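As C-alpha cells, the structure follows; a few thoughts come after it.
The values are calculated or read from the model by the stated rules, or taken from the named source; none is laboratory data. Keep in mind it's a predicted model, so treat the numbers as computed, not measured. Here the Cβ is made from the backbone with ideal geometry for all residues, glycine too, and neighbour counts use every protein chain on show.
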Amino acid sequence: MAPTPPDSVSQHSSVTGLTRQGTSQTTRAPHIFSLETFSSKDFIVKDLVEALSDSAAPARRSLGPPGLPANTQSAQAAFDPKPLIRTFEHALTRLKTLSEDLEERENELSAGVRRAENNHNQNTQSQEKKLQRTIDNFHQLERTLDGDNDIGGNAAVRIGERLEELDKQRQRAQDAKFVLQCWIEVSERGDLSSLDDVRRMGAGEGKVRCAHIARQLLKISQRLDPDLDSGTTGQSKSNGITNGGEDSESSARSPNGRKAREIIEKFLEMLEKDLLRSFDDFYRRQNFDGMLECAVALRDFGEGSSVISLFVNQHQFFIDRSQLVTEELTTDNETWDRLADPDMEPPGIEPGLQALIDEVKVVVQEESFIIKRAFPYYDEVLARFLQRVFQQSIQQRLEMVLNKTDSISSLAFLRSLQASRSYISTLVDDLKAHGLTEHPEPVNSVTAAVLDQQLDELFVPYFTGSSYLEREKHNLSELFEGLLFKFTLYHSRRRKLNVQSSTYLGALSARSKELISNAREAYSERLDAGELPTSQKNMMMRIAGLRDDNQHSSPTGNKEPEITDEDGQLSLPNTKRMLKWLAEAVGRGLELSTSGNDTPKEVRELLHLLIANMGEIYLETALDAANETAYAAEQNTKTEPDTSYIADLRTAISILHLMLTTIKMLLLPLASTNLTIRRDLEKRTSAFTDRMEGKIDAVLQRTIDASLAWVARLLTGQKKTDYRPRDDANLQLDQLQTPTCQAIFAFLHRLHSRAASSLSGKVLESLSLELAVGLRSLLLNHFKAFSVSQTGALAVSKDIAKYCELLRGWDLPATFKPSLDVLEEIANIFVIGPEALRDRMRNVGGAGGLLPGVERADLRGFVLKREDAASVGVQAVLNGL
C-alpha cells in the first residue's frame with residue numbers, strides 16, 4: 001500500500017475531527033534559529049538538521065493510541081513522517097523569512113555603499129583640484145623666481161648677490177676706516193698701537209688681517225711719495241688750512257712720512273718673524289689649524305717663500321741626513337768585484353743609496369699629509385720639498401756612488417747607473433701612485449711633472465749628447481778585445497812565423513814564450529795608456545787570460561801563461577759570453593734611454609761593434625785561417641791533407657747562426673722606428689752573412705779539391721800487378737782489397753766522419769755528393785788505365801765493392817744510385833765470360849735494360865782492358881758495341 005501524501009493526511013485529520021491539536025502543537029518546530037545562528041563561526045549545517053529532527057522525535061513516540069494491537073502500534077511507531085514534514089516546513093518558512101530579511105538588509109547596505117563611494121569620489125576630485133591648484137601656484141612661483149614672464153627677474157638671486165655685495169662694501173668701508181685710522185696714527189703719532197692690538201688680540205685671523213692692513217699702509221706711503229727714498233720732502237702749507245688728502249700728503253712728505261714708512265716696514269718685519277715663530281711652534285705641536293692660519297698670513301710676505309723655506313730647511317729629515325749623505329761607502333770589496341765582473345750578475349743598487357731612497361719614500365708620504373693640512377698653497381710647498389729631497393739628499397749620495405764605481409771600472413759605473421736609475425724610477429712611480437697630497441687618488445699633473453723633472457735632472461749629466469753610448473761602446477770594446485786577445489795574438493803570430501807542424505793551428509815555435517811576454521807587456525801598456533782604474537785593468541788582464549785569479553796564492557804566480565792551439569780555435573762559450581755582454585748593454589740602454597728616437601742610432605752603433613769584433617776579428621779570422629790551411633793542403637799534393645780544420649766549421653756555423661739570431665731577434669726590431677737605419681742594418685747584415693757563407697763554401701770547396709787530388713795521387717800508386725797477378729793466383733785469392741783501395745777507403749772514411757760530426761743538412765749532403773761524384777770520375781778513368789786478367793778481375797770486383805760500400809754509407813741522394821750501378825757493372829765486365837758478357841752488353845742501355853741512360857759504347861774502353869780482349873768471343877762483343 002502506497003504511503004499517503006502529506007496534504008491528504010492533513011485534510012484527513014481535519015475532516016475526521018480527531019482531537020490532535022495538542023499533538024499538532026507538540027510537533028510544530030519551535031523558533032530555534034535566527035540570522036545570528038547562521039552568522040556564528042560555530043554554525044554547522046549537520047547540527048541544525050539534527051536539532052530539527054530531534055525536536056520531532058517525541059511526537060513520533062506519542063503516536064498510536066492504546067488498545068491497538070501490538071503489531072499495529074509497532075508498525076506505526078516504526079516511522080511517521082508527518083512530524084518531520086511539519087518541522088521542516090516550518091524551518092523552510094523561517095529560512096524564507098530570514099532570506100527576505102537578509103536581502104532587504106543587503107539592499108540597504110548596498111545603497112549605503114554606493115552613497116559612500118559617490119561621496120569618496122567627489123572628495124577625491126575635490127582634493128585633486130586643490131593639489132593641482134597648489135602645483136600650479138608652485139610652478140608659477142618658481143617661474144617668477146627664475147624670471148619667467150618678466151616677473152621678478154631672478155629676484156632671489158639678485159637679492160642675495162646684492163646683500164653679499166653690501167656686506168662686502170660694509171666690510172671694505174670698515175677696513176678703509178681702520179686703515180685710515182692706522183695711517184693717521186703712524187703718520188702723526190709715529191706708532192701703530194691699533195694695528196699692534198689687532199696683532200696681539202686677533203689670533204690667527206687677526207694676524208692675517210693685520211698683515212694685509214700693514215701691506216696696504218706700506219703701499220699708501222709709497223704711493224704718496226714715490227721719491228721718498230731719494231730724500232725729497234714736501235712742505236706743509238703755511239696757512240695750515242688743508243683738507244684730509246693734502247694733510248696726508250704733507251705728512252708723507254715731511255720727515256715724519258719717512259719715519260712712518262720705516263715704522264711700517266719694521267712692523268711688517270716684526271710681524272713676519274712673529275708669524276714664522278708661531279708657525280714653527282704650531283708645527284712642533286702638530287697644530288695644523290694654527291699652521292694654516294700662519295701660512296695664509298705669510299702668503300703676503302714674498303709669496304710665502306719665507307714660510308716655505310722655514311718648513312723645508314728646518315725639516316728633521318734634512319738635519320738628520322746632513323751627515324749621513326756624506327758618509328763613506330761601506331760596501332765590501334766582494335760586492336764591488338761582482339759589480340765589475342761582466343760574467344756575474346750585478347748585485348743591484350748600493351745599500352746606502354737604497355736605504356736613503358726607502359726613507360725618502362716614507363718621509364715624503366708622511367709630510368704630504370702635513371703639507372696638505374698646513375698650507376693652502378700645498379702644491380708649491382710639496383714641489384719645493386721634493387726639489388730639496390732630490391737635489392740635495394739623493395743627488396749627493398748618487399754622485400758618491402757613481403764616482404766610486406767609476407773609479408772601479410766602466411762596467412761597474414754603467415751597472416750602478418742602471419740600478420740607481422731603476423730604483424729611483426720605482427720611487428717616483430710609487431709616489432705618483434700614492435697620491436701624496438691627493439691621497440688616496442693619484443697625484444695631479446703638476447706634482448707628476450715635478451717628480452719627472454727631478455728624476456730627469458738627476459741623470460742629465462750622464463746622458464748629455466752621446467756620452468752614455470760612448471761609455472757603452474768603450475766598455476764592450478774593452479771586453480771584446482780582452483776576451484779575443486789570445487785568439488788575435490795566435491793568428492797574428494801564425495801568419496808571421498814559419499810553423500813547421502802540419503796540424504791545423506799548430507803550436508808556436510820555441511819563441512812563443514818570448515812572444516806572449518812581449519804581447520802581454522804591450523797589452524798592459526795599452527791599458528795603462530787608457531788611464532783605466534787598477535781594478536778594471538786587473539779585470540781586463542784576467543779576461544784576456546794573462547792573469548789568474550789565484551795568482552796571489554801560488555808560489556809560481558809570476559809564471560807567464562802560454563798560448564795553445566785551443567786559444568786559436570773558435571769557442572761557443574766565448575761567443576755566448578760576448579753575446580751576453582751585448583744583450584746586457586742593449587737592455588741597459590733601453591732602460592736608461594730618455595728618448596726612443598735615439599734607440600735606432602744606438603742599435604746601429606752596437607751592431608757595427610758586434611760585426612767588427614765577433615764577426616770580423618773572431619769569426620772571419622778563423623775562417624781565413626781555415627781557408628789558408630785548405631789552400632795549403634790543396635797546393636801540397638805530396639802529403640795527405642790535414643782536414644782537422646773541418647771540425648771548426650761546425651763552431652763557425654753555430655757562431656754565425658747565433659749572431660744572425662741575435663741581430664734579427666734583438667737588434668733589428670729596435671730599429672724598426674727608423675726605416676732608413678733599419679734598411680742600412682739589414683744591408684750590412686746581409687753583406688756580412690754572404691761574405692761568411694762564401695768563406696765557408698770556399699773552405700769546403702778547397703777541402704773537396706784537396707781530397708780528390710790526394711785520392712788521385714793514391715790511385716797513381718796502384719800497381720799493374722794488382723789486377724794482373726802472377727801465376728800463383730792462389731796467394732792473391734786470400735787477399736782483400738788492394739792497398740790503394742784500402743788507403744783511399746780509410747782516407748775518405750776519415751774525411752766524411754769528420755765532416756759528418758761538423759756539418760749537417762744540405763751542407764753535408766752537398767759535400768758528400770761532390771766527393772762521391774769526384775771519386776766516381778776518378779775511378780772510371782782509373783779502371784780504363786789497367787789491364788785486368790781473369791784472376792785480377794776478382795781484385796777489381798773487391799775494390800769496386802769496397803768503394804760502393806763507402807759511398808752507400810754517406811746517405812747520398814737517390815739520384816746517385818745509377819752511378820753505383822755503373823761501378824758494379826764495370827766489375828761484372830771484368831769477371832764474367834765472353835758469352836755472358838755478350839748477353840749482358842746486349843741488355844745495356846734503353847729504358848727497360850741495364851744501366852738506363854748509359855750508352856754501350858761508353859763501356860767499350862773497359863772491355864778492351866780485359867786480358868782476353870783479343871779472343872774471338874770478346875771481339876764479337878766489341879764489334880757489337
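Look at (1) within 30 Å of residue 570 (Cβ to Cβ); (2) touching a Pro at 6+ places or on another chain (Cβ under 9 Å) and you find that residue 676 fails only one, number (1).
Of everything listed in (1) under 30 Å from the mean Cα position of the chain (by Cα); (2) over 30 Å from residue 575 (Cβ atoms); (3) assigned to a helix (DSSP H, G or I), the single unmet condition for residue 338 is (2). Residue under question is residue 334, and the condition is that it be surrounded by fewer than 16 Cβ atoms within 10 Å (Cβ to Cβ) and at pLDDT 90 or above; does it hold? Against the criterion (surrounded by fewer than 16 Cβ atoms within 10 Å (Cβ to Cβ) and at pLDDT 90 or above), residue 334 does not qualify. Is it the case that some residue within segment 575-596 is of a type in the set (A, V, I, L, M, F, W, C), in a helix (DSSP H, G or I) and touching an Asp or Glu at 6+ places or on another chain (Cβ under 6 Å)? Looking for residues that are of a type in the set (A, V, I, L, M, F, W, C), in a helix (DSSP H, G or I) and touching an Asp or Glu at 6+ places or on another chain (Cβ under 6 Å), one finds at least one in segment 575-596, hence yes. Based on what the data block shows, is residue 374 in contact (Cβ under 8 Å) with a residue 40 or more places away in the chain, in contact with a Pro (Cβ under 9 Å, 6 or more places away or on another chain), surrounded by 15 or more Cβ atoms within 10 Å (Cβ to Cβ) and among the hydrophobic types (A, V, I, L, M, F, W, C)? So residue 374 fails the test. Hey, does segment 688-710 have a residue that's among the basic types (Lys, Arg), within 49 Å of the chain's Cα centre (by Cα), within 23 Å of residue 642 (Cα to Cα) and assigned to a helix (DSSP H, G or I)? So far as segment 688-710 goes, yes, one or more of its residues are among the basic types (Lys, Arg), within 49 Å of the chain's Cα centre (by Cα), within 23 Å of residue 642 (Cα to Cα) and assigned to a helix (DSSP H, G or I). The residue list 683, 638 contains one member that is at pLDDT 95 or above and surrounded by fewer than 20 Cβ atoms within 10 Å (Cβ to Cβ), which is 683. Inside segment 780-831, residues that are hydroxyl-bearing (Ser, Thr, Tyr) and surrounded by fewer than 16 Cβ atoms within 10 Å (Cβ to Cβ) make up a count of 2. Here is the figure for segment 185-208: residues that are part of a helix (DSSP H, G or I) and touching a residue at least 12 places away in the same chain (Cβ under 8 Å) total 13. Of the residues examined, residue 786 is one that is assigned to a loop (DSSP other than H, G, I, E, B) and among the aromatic types (Phe, Trp, Tyr). Does residue 653 count as among the β-branched types (Val, Ile, Thr), in a helix (DSSP H, G or I) and either crowded, with 18+ Cβ neighbours inside 10 Å or at positive phi (or both)? So residue 653 passes the test. Figure legend. Inter-residue proximity from segment 85-106: first residues within 14 Å of residue 34 (Cβ to Cβ), second residues modelled with pLDDT under 85 and part of a helix (DSSP H, G or I), beta-carbon distance below 8 Å, spacing 6+ or different chains. Indicated pairs: 91/52; 98/35; 98/38; 101/35; 102/35. Considering segment 587-620, the residues that are surrounded by fewer than 19 Cβ atoms within 10 Å (Cβ to Cβ) and of a type in the set (Val, Ile, Thr) include one that is nearest to the chain's Cα centre (by Cα), namely 594. A single entry from 831, 763, 796 fulfils the requirement of being touching a strand residue (DSSP E or B) at 6+ places or on another chain (Cβ under 6 Å) and either at positive phi or at pLDDT 85 or above (or both): 796. Annotation: residue 358 fulfils all but one of (1) at pLDDT 90 or above; (2) crowded, with 19+ Cβ neighbours inside 10 Å; the unmet one is (2). Screening 456, 379 for residues that are within 25 Å of the chain's Cα centre (by Cα), charged (D, E, K, R) and in the same structural domain as residue 351 (by TED's automatic domain parsing) leaves exactly one candidate, 456. Just so you know, in segment 278-291 the residues that are under 46 Å from the mean Cα position of the chain (by Cα) and buried (at least 19 other Cβ atoms within 10 Å of the Cβ) include one that is farthest from residue 211 (Cα to Cα), and it is 283.
Only one of the listed residues (767, 748, 775) is within 15 Å of residue 696 (Cα to Cα), assigned to a helix (DSSP H, G or I), touching a residue at least 24 places away in the same chain (Cβ under 8 Å) and not assigned by TED's automatic domain parsing to the domain that holds residue 630. That residue is 767.
In segment 658-671, the condition of being of a type in the set (Gly, Ala, Ser), crowded, with 22+ Cβ neighbours inside 10 Å, modelled with pLDDT under 95 and assigned to a helix (DSSP H, G or I) is met by at least one residue. Checked against the criterion of being surrounded by 12 or more Cβ atoms within 10 Å (Cβ to Cβ) and at pLDDT 80 or above, the candidates 46, 82 yield just one match: 82.
Looking across 863, 874, one residue alone is surrounded by 15 or more Cβ atoms within 10 Å (Cβ to Cβ), β-branched (Val, Ile, Thr), modelled with pLDDT of 80 or more and in contact with a Pro (Cβ under 6 Å, 6 or more places away or on another chain). It is 874.
Only residues that are within 26 Å of residue 722 (Cβ to Cβ) and assigned to a helix (DSSP H, G or I) were counted in segment 852-872, giving 7.
The residues of segment 427-486 that are surrounded by 14 or more Cβ atoms within 10 Å (Cβ to Cβ) and charged (D, E, K, R), listed by number, are 432, 438, 471, 472, 473, 478, 481, 486.
Just one of the numbered conditions (1) surrounded by 21 or more Cβ atoms within 10 Å (Cβ to Cβ); (2) modelled with pLDDT of 90 or more is not true of residue 395: (1).
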